[in-house]
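Peer 1: Pasting in a structure now, in structure tokens, and then I'll have a few things to ask.
The values are calculated or read from the model by the stated rules, or taken from the named source; none is laboratory data. Note that the coordinates shown come from a computational prediction; the quantities given were computed from them, not determined experimentally. Backbone-built Cβ (ideal geometry, glycine too); neighbour counts: all protein chains shown. Only protein heavy atoms, including side chains, enter the accessible area calculation; ligands, DNA and RNA are left aside. Shrake-Rupley method; radii C 1.70, N 1.55, O 1.52, S 1.80 Å.
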Amino acid sequence: MKNVILADKAGFCFGVKRAVDEALNIKNKFNKDIYTLGPLIHNNDVVNYLMKNNIFPIKLEEIDKLNKNDVIIIRSHGITPEVYNTLKATVDNVIDATCPHVSIIHQKAKKYYDLGYGIVIVGDKNHPEVEGINGWCDNKAFISKDGSDLQSIPRRVCVLSQTTEKQENFEKVLNIIGKTCREIIAFNTICSATEVRQKTAEEISKKVDAMIVIGGKNSSNTTKLYEICKNNCKYTIHVENAGEIPDEIIKSKSIINIGVTAGASTPEWIIKEALIKMNEENNQEVNEQLAFMQQNDRQIVVGETLKGEVISVNEKEIFLNVGYKVDAILPENEVLKDASVKLSDMFKIGDFIQVKIISRRNDDGFIVLSAIELEREKGYSELKTSFENGQSINVFVKESVKGGLISSYKGVRVFIPASHVELYHVDDLNSYIGKEIGIKIIELVEGRKNSRIVGSRKELLKVDKDKLDEVTWEKLQKGDIVEGEVKRLADFGAFVDINGVDGLLHVSQISWARVTKPADILKVSDRIKVLILDIDKENKKISLSMKALFEDPWINVEAKYPVDSIVLCKVLRFASFGAFVELEPGVDALVHVSEISHKRIGKPDEALTIGQQVKAKILDVNKESKKIGLSIKEANEL
């Protein structure tokens, strides 16, 4: 009995399958003849199948035969910017089916060429993919299969690879240029599917009596598979379809184990035909392979939850193999993530993602998936449990609206009223946007269409504050000097937080100097030291003072400012009867209007300005009434 083994990743790669599906979808959309720039893929059977569906290959030199309203598709290998511009100038409808992996290589080639690096491409110089990459660096790339023909390489290089190149060739080139180049930036752009395909083909070819490689004779990646297998299995053949498989392989008694692999341009139905041909003995393992392939034809159901394997990632979407005949797409807006995080930083090729089907097929023929919907279902369940058990949760604040904040918990909308954001009133809620905060769900109403979920941060803060307050009130005593933080300002004073307890620092207790507004001296978040003037633990009130920490400047005022002395002072404010000046913070004096100037003046501002430094003679000092009389004109007489 024959033992037929099908290699993993055999057949259509993501980029090729995407191009074929795109071509068929475009044909249905425009309902007329469609053209591809060259054969869409390197497989004659597929090209013939497409031609039967009125999708025809055309050479670049033949495009002038097309009409302006014709449609031309760029194949998965990609093209140069020059060719793209030529197509756009010729026809209105240019459809770009370049493999996303190849597009990334184009971007890297242009970026590093513009930065002054020499571009090295590991691959076949005549392969259309390599020709396309070369065009993105002005056709000045150094192209080599294994590095043996590389000459006059610049000191700074960026190394890229044809997506279907052998890993060993890429490593050979790196080893060679590493001996002469000063700076090397290398990107292993060999497609992961190619790498897996080559690796599994190599492993299987070591174990079997015969190896069948299926794919187009002009397919580069299929040729590489053949070379890899031939090194391990002498009886390795390269066929394009089941009809080319010799009968001797099937009938030979000496050939028991047969390995099968296929190039990236080989569709599933050609592989299936080959397996069926070799299944004349109704081999159980072959039947299992066929059953697995048949399973991929199962019905696509919206709402189904499944696990998909990442086969490609770009900035806008993730492509996944979800076990169906067609691949699926996970758009960026269906992934729960921070806006600044790239999809490529979150997911890598080969990762598995749990997703939900939200559309059986989009305009491009892909199944549309969502990861957010699964997160929402899980999130809603957790919110409900949190509400029922009175537990706290962390939410992410997305925006500020009239009346509160809109937050999200695993994609579920949670509203936080403005009155429940802090223990005190908040004027500007924008500062909370983009932050994660803890809340307690205080309302959850389930509706047929929408559910209302309301959260409160205040409830959590209150619990913590009550615990802290209890400890703080026990410790605080009248006369204590403590440190606090200014939380908010009012015209009559400042509210200072002392270990969670609010105390009032009246405007008159801020400084011995005259203070009109607390905001002139303090600002919110200032850390200050204060003296507890009075404390009422029963009514939870504390009176504070900053100025009590400093000596009253009037205590020894007579000694500091003797009568008849000349003093330098600063003009503070005017009254109708004179000008008030500052001798030092907390000690003001009056210069009567009659003592300002020898000239007759009606108002102080006729001779003085606010902030002006002036000399004055001390006429009188009264410590008890805290009054000092000065004369500017007498100081000027001396």
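Peer 1: When Lys and Arg each count +1 and Asp and Glu each count -1, what net charge do the other residues less than 11 Å away from Asp588, Cβ to Cβ, add up to?
Peer 2: +3
Peer 1: With only Lys, Arg, Asp and Glu charged, each at its Cβ (+1 for the first two, -1 for the last two), find how big the charge dipole of the chain is about the Cα centre; round to the nearest 20 debye.
Peer 2: 420
Peer 1: Quick check on the chain: of the DSSP beta bridges with both residues there, what percent are antiparallel, nearest 5%?
Peer 2: The answer is about 65 percent antiparallel.
Peer 1: Between Leu504 and Phe415, take the C-beta separation as r, use R0 = 30 Å, and let me know the FRET efficiency to the nearest 0.05.
Peer 2: The pair Leu504/Phe415 has a calculated efficiency of 0.35.
Peer 1: A follow-up question, please. Helix 14-30 against the longest principal axis of the chain: what's the angle in degrees, Cα atoms only, rounded to the nearest 10?
Peer 2: For 14-30 against the chain, the angle is about 90 degrees.
Peer 1: All other residues with a Cβ under 10 Å from the Cβ of Val91 taken together, and with Lys, Arg as +1 and Asp, Glu as -1, what is their net charge?
Peer 2: With Lys, Arg at +1 and Asp, Glu at -1, the net is 0.
Peer 1: Also, I was wondering about something else. Can you give me the % of accessible surface on the chain that is carbon or sulfur? Probe 1.4 Å, all protein chains present, nothing else counted.
Peer 2: Reported share for carbon and sulfur atoms: 47 percent.
Peer 1: OK, next. Which one of Gly611, Val335, Val16 has its Cα pushed farthest toward the positive end of the charge dipole of the chain, where Lys and Arg give +1 and Asp and Glu give -1 at the Cβ?
Peer 2: The listed residue farthest towards the positive side: Gly611.
Peer 1: 222 nm [θ] for the chain, helices only, -39500 (n - 2.57) per DSSP H run of 4+, per residue, to 500?
Peer 2: Rounded to the nearest 500, it is -8000 deg cm²/dmol.
Peer 1: In addition: So how tilted is helix 220-232 from the main axis of the chain? Cα-based, degrees 0 to 90, rounded to 10.
Peer 2: Long axis of 220-232 versus the principal axis of the chain: about 70 degrees.
Peer 1: Loop-only GluC sites (Glu not before Pro) in region 514-590, please: DSSP not H, G, I, E or B, and at most 16 other Cβ atoms within 10 Å.
Peer 2: In loop regions of region 514-590 (DSSP not H, G, I, E or B), the sparsely surrounded GluC sites (Glu not before Pro) are Glu538, Glu551.
Peer 1: Continuing with this model, one more query. Any idea what the alpha-carbon Rg over 2.2 N^0.38 Å comes to for the chain?
Peer 2: That works out to 1.61 for the chain.
Peer 1: Run through the DSSP bridge list for region 1-138 and note the antiparallel percent, rounded to the nearest 5.
Peer 2: Counting only bridges with both partners in region 1-138, antiparallel ones make up about 0 percent.
Peer 1: Note down the relative contact order for region 360-466 as a percent, whole number, built from C-alpha pairs under 8 angstrom at least six residues apart.
Peer 2: 25
Peer 1: Mind ordering 309-316, 127-134, 494-501 by average Cβ neighbours within 10 Å, highest first?
Peer 2: Result, highest mean first: 127-134, 494-501, 309-316.
Peer 1: Next question. What does the highest-first list of 70-78, 564-572 look like by mean Cβ count within 10 Å?
Peer 2: In descending order of packing, they fall as 70-78, 564-572.
Peer 1: Work from the charge dipole of region 101-186 (Cβ charges, +1 for Lys and Arg, -1 for Asp and Glu, about the Cα centre) and give the residue of Ile105, Gly135, Ile177 farthest towards its positive end.
Peer 2: Of the listed residues, the answer is Ile177.
Peer 1: Using +1 at the C-beta of Lys and Arg and -1 at the C-beta of Asp and Glu, which of Ile318, Gln354, Ser597 has the Cα lying farthest in the positive direction of the dipole of the chain?
Peer 2: Ser597
Peer 1: Taking the chain as the reference, fit the longest principal axis to its C-alpha atoms, fit the long axis of helix 192-205 to the helix C-alpha atoms, and give the angle between the two in degrees, 0 to 90, nearest 10.
Peer 2: 40
Peer 1: Would you mind working out the accessible area per residue for the chain, using a 1.4 Å probe, and quoting it in Å²?
Peer 2: 52
Peer 1: For region 557-605, which chymotrypsin sites (Phe, Trp or Tyr not before Pro) pass both filters: DSSP loop (anything but H, G, I, E, B) and at most 15 other C-beta atoms within 10 Å?
Peer 2: Phe577
Peer 1: Do you know the relative contact order of region 522-601, to the nearest whole percent, from alpha carbon pairs under 8 angstrom that are 6+ apart?
Peer 2: 16
Peer 1: Working only with C-alpha atoms, what are the Rg and Dmax values of region 378-515, expressed in angstrom?
Peer 2: 19.0, 65
Peer 1: Loop-only check: which chymotrypsin sites (Phe, Trp or Tyr not before Pro) in region 508-560 are DSSP coil with at most 14 other Cβ within 10 angstrom?
Peer 2: Taking region 508-560 and a limit of 14 other Cβ atoms within 10 Å, the loop chymotrypsin sites (Phe, Trp or Tyr not before Pro) found are Phe550.
Peer 1: Could you work out the relative contact order of the chain, using alpha carbon pairs under 8 angstrom and six or more residues apart, expressed as a whole percent?
Peer 2: Rounded, it is 8 percent for the chain.
Peer 1: Counting Lys +1, Arg +1, Asp -1, Glu -1, what net charge surrounds Leu531 among other residues with beta carbon under 12 Å of its beta carbon?
Peer 2: Net local charge, Leu531 excluded: 0.
Peer 1: In debye, nearest 20, what is the charge dipole magnitude of region 386-452 about its Cα centre with +1 on Lys and Arg Cβ and -1 on Asp and Glu Cβ, if you could check?
Peer 2: 360
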